[in-house]
Ligand code: ADP
């Protein structure tokens, strides 16, 4: 496909599924053209591309990063582009390396690797005096003696994981060896390579997700959302409702912790998605800071409805060194103008999916903007600790968080998945 050059800036967008529309819509509003690098497993129909996409470039970013960098360097030489972004966490270091190599705005390879590696991230946060649970690193499946001395329960996870893959709670030192073994095996089969594990003390309390935009070292905290209170042993995602209903002093503590984490990790420019738990309901502890728009764009949907700020559009503008449109007070929480929510349909069982009830009706509800269905009848859901994926997301907007809560209770009653045993093809 060859489009005539325009005077709009061009951004290479790495590994975004076209079924998740938010960044494509924001690109149009930001006046940015996109060169889409699709996921290797996704067929993109050239006739049905989102309008902002002017070119499709197939690259194997994970399997052959050196070749992918060479291809992008050549593309840049032939027709320079202005920026490169991804919403796909494992591609964040690759994107930072390309930006470094081509002199484009980016995180910097070192910062990208620090935010991606939970061992480095924990050390940086601890060095900066932020709240960090006791933790130990495990470099081989039998190397867990130091971790057994932590306060239990603990959580075992891959250093380079995402989407809660393999993340598992161990309640006692006696079961730690078996849990470490299991996490190592799951990660080796799903991630391809395991660089090591982190074991950290279990943080109880509500979980929060914070959407922010950093620009020239100033952090604009757009929204703080509630992510339920998962207790394990496996940590399936469930709900996301924003703004979270928090007392002002807790809200301030969360903003302080998130802003300080950006400084500690060296993230000065671009969108971020931070997850925390509120120990004792009061004290924020970071779980991770992703240096990208979170949830493949769900974070944009939420922040846009809660604050009116077009998060993905501003992220694209920052990626091409255009001045973003931001709330006036960095370091503070942007005022909320509405509420938004994501309901992640729970698998609620395992086996071969026979039917998914309720989604069609929900899609017609005026509060619902998107139903994104990932699993369908015929797909096999394997029991945890294997992660098959989430059946569907329901994204909705509401006048208040209380309305969103009530709507989620309704969804829990309305959506149901029927399973047959895995081998059963009926
Ligand atoms: P990933 O990057 O794979 O999503 P996280 O570190 O974010 O890994 O962990 C996934 C989920 O596991 C979190 O959202 C949280 O619910 C739970 N979790 C992880 N670490 C802890 C911890 N130390 N204490 C309590 N829950 C945790």
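So that you can scan it fast, the table gives a plain yes or no per residue for (1) in contact with a strand residue (DSSP E or B) (Cβ under 8 Å, 6 or more places away or on another chain); (2) surrounded by 22 or more Cβ atoms within 10 Å (Cβ to Cβ); (3) not assigned by TED's automatic domain parsing to the domain that holds residue 159:
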position: 191; (1), (2), (3): yes, no, no
position: 196; (1), (2), (3): yes, no, no
position: 212; (1), (2), (3): yes, yes, yes
position: 225; (1), (2), (3): yes, yes, yes
position: 228; (1), (2), (3): yes, no, yes
position: 240; (1), (2), (3): yes, yes, yes
position: 246; (1), (2), (3): yes, no, yes
position: 250; (1), (2), (3): yes, no, yes
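Would you check which residues across segment 153-169 are more than 8 Å from the ligand (Cβ to nearest atom) and out of contact with any strand residue (DSSP E or B) (no Cβ under 7 Å at 6 or more places or on another chain) and list them?
Residue satisfying the conditions is 160 alone.
Take the conditions more than 11 Å from the ligand (Cβ to nearest atom) and either under 24 Å from residue 111 (Cβ atoms) or buried (at least 17 other Cβ atoms within 10 Å of the Cβ) (or both) and apply them to residue 123. Does it pass?
It is true that residue 123 is more than 11 Å from the ligand (Cβ to nearest atom) and either under 24 Å from residue 111 (Cβ atoms) or buried (at least 17 other Cβ atoms within 10 Å of the Cβ) (or both).
I'd like to check something: does segment 188-210 contain any residue that is more than 10 Å from the ligand (Cβ to nearest atom), touching a helix residue (DSSP H, G or I) at 6+ places or on another chain (Cβ under 6 Å) and closer than 30 Å to residue 326 by Cα?
Yes, that holds for at least one residue.
Taking residue 16 as the residue in question, decide whether it is crowded, with 19+ Cβ neighbours inside 10 Å, at pLDDT below 95 and under 22 Å from the mean Cα position of the chain (by Cα). Please lay out each step first, then the result.
Numbers: crowded, with 19+ Cβ neighbours inside 10 Å: yes; at pLDDT below 95: no; under 22 Å from the mean Cα position of the chain (by Cα): yes.
Taking the combined requirement at face value, the residue does not satisfy it.
Residues to consider are 245, 222; find the one that is in a loop (DSSP other than H, G, I, E, B), on the phi < 0 side of the Ramachandran plot and away from the ligand (no atom under 12 Å from the Cβ).
245
Can you tell me how many residues in segment 136-152 are surrounded by 15 or more Cβ atoms within 10 Å (Cβ to Cβ) and within 15 Å of the ligand (Cβ to nearest atom)?
6
Would you check which residues across segment 363-389 are modelled with pLDDT under 90 and under 21 Å from the mean Cα position of the chain (by Cα) and list them? Lay out the reasoning, then the answer.
Keep residues of segment 363-389 that are modelled with pLDDT under 90, which gives 382-389.
Result: 384, 385, 386, 387, 388, 389.
The values are calculated or read from the model by the stated rules, or taken from the named source; none is laboratory data. What you see is a predicted model, and the numbers here were worked out from it, not measured in a lab. No Cβ is skipped: glycine too gets one built from the backbone with ideal geometry, and neighbour counts run over all protein chains shown.
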